[in-house]
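Undergrad: Input: one structure, supplied below.
What follows is calculated from the coordinates using simple rules that are stated; it is not laboratory data. Predicted, not measured: the structure shown is a model, and the values here were computed from it. Methodologically, a virtual Cβ is constructed for each residue, glycine included, from the backbone with ideal geometry; neighbour enumeration extends over all protein chains shown.
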């Protein structure tokens, strides 16, 4: 059994994947001529788990005797401090970086659905309906990278049991997010 942290991957209509929310938020800012601003509290940090890492771990566990009957926390191997992601995200989308601007994305993003539809039609995107693309991930984003206050206890877990069982793969979380955003662009889910 595996207990991942915030799962990152390419997903359409997911309730709990912030990658699409990050991408759509940035694209909508760019379309409106706005800088990309961190919508959350400046002290947010957590761990994430790349979906590809989970798949690799499941494949490893299939043949690793030390994994039988065990439960493992699984995370990328680093801690992400969300405010440090925003400069890289702004550069990725060709946006200026704005000052932090706290907001509830579940409230501010859905009204931009008509603008998303215009972008999707102009760019030939595969999903023109913003809600169909994001699912409930705006709410999930508000609970993770756009939270308005830090968590009382940072949601960090120990992955030492997994490492001691000899699964040592890891990935940089910020790079993982950018890789998934590139993949979404390549699939026609986000404009380049």
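Undergrad: Please find the FRET efficiency linking residue 63 to residue 182, where r is the Cβ-Cβ separation and R0 is fixed at 25 Å, and quote it to the nearest 0.05.
TA: Computed FRET efficiency for residue 63 and residue 182 comes out at 0.20.
Undergrad: Sticking with this one: Using only the alpha-carbon atoms of the stretch 1-74 as identical scatterers, what base-10 log of I(q)/I(0) does the Debye formula give at q = 0.12, 0.14, 0.23, 0.24 Å⁻¹?
TA: -0.49, -0.62, -1.09, -1.13
Undergrad: Sticking with this one: With a ≥ b ≥ c the root eigenvalues of the C-alpha gyration tensor of the stretch 143-192, is it rounded (a/c under 1.5), prolate (a/b larger than b/c) or oblate?
TA: Cα axes put the stretch 143-192 in the oblate bin.
Undergrad: Note the angle between two axes, namely the Cα long axis of helix 82-92 and the longest principal axis of the Cα atoms of the chain, as a number of degrees from 0 to 90, rounded to the nearest 10.
TA: The angle comes out near 60 degrees.
Undergrad: In degrees, nearest 10, range 0 to 90: what is the angle between the Cα axis of helix 51-63 and the longest Cα principal axis of the chain?
TA: 20
Undergrad: Does the stretch 66-107 classify as rounded, prolate or oblate by the C-alpha gyration tensor (a ≥ b ≥ c root eigenvalues; a/c under 1.5 gives rounded; else a/b over b/c gives prolate, otherwise oblate)?
TA: Prolate, because a/c is 1.5 or more and a/b exceeds b/c.
Undergrad: Sticking with this one: Go ahead and set up a Gaussian network model of the chain, Cα springs under 10 Å, then flag whichever of 116, 138, 60 fluctuates most.
TA: Checking each option, the largest mean-square fluctuation is seen for 60.
Undergrad: Ranking 49, 159 by Cβ neighbours within 10 Å, fewest first, what do you get?
TA: With the sparsest Cβ surroundings first, the list reads 159, 49.
Undergrad: At q = 0.08, 0.17, 0.19 Å⁻¹, what log₁₀ I(q)/I(0) does a Debye calculation on the Cα points of the chain give, no solvent, two decimals?
TA: Treating every Cα as an identical point scatterer, log10 I(q)/I(0) equals -0.27, -1.08, -1.29.
Undergrad: How high is the relative contact order of the stretch 1-110, in percent, with contacts defined as C-alpha pairs under 8 Å that are six or more residues apart?
TA: 40
Undergrad: Note the per residue figure in Å³ for the convex hull of the C-alpha positions in the stretch 115-181.
TA: Output value, Cα hull per residue: 145 Å³.
Undergrad: Among 1, 109, 16, what is the fewest-to-most ranking by other Cβ atoms within 10 Å?
TA: 1, 16, 109
Undergrad: Could you check what % of the DSSP bridge pairs in the chain are antiparallel, to the nearest 5?
TA: Restricted to the chain, the bridges split so that about 20 percent are antiparallel.
Undergrad: Now for a different question. Among 171, 160, 54, 177, which comes first, then next, by fewest other beta-carbon atoms within 10 Å?
TA: Least crowded to most crowded, the residues run 160, 54, 171, 177.
Undergrad: Just 141, 67, 37 to compare: in a GNM of the chain, with alpha carbon springs under 10 Å, which one fluctuates most?
TA: Most flexible of the set in this elastic network: 67.
Undergrad: Taking Cα pairs under 8 Å and at least six residues apart, what relative contact order does the stretch 93-192 come out at, in percent?
TA: Rounded, it is 32 percent for the stretch 93-192.
Undergrad: Something else about it: Considering the chain as a Gaussian network with a 10 Å cut-off on Cα pairs, which listed residue, 101, 21, 90, attains the greatest mean-square fluctuation?
TA: Of 101, 21, 90, the most mobile in the Gaussian network model is 101.
Undergrad: What percent do you get for the relative contact order of the chain when only Cα pairs under 8 Å and 6+ apart count?
TA: 37
Undergrad: In nanometres, what is the gap between the two model label sites at residue 2 and residue 192, each 7 Å from Cα along Cα-to-Cβ?
TA: Each label point lies 7 Å from its Cα, and together they span 3.1 nm.
Undergrad: What distance in nm lies between label points placed 7 Å from Cα along the C-beta direction at residue 81 and residue 149?
TA: Placing both labels 7 Å along Cα→Cβ, they lie 2.2 nm apart.
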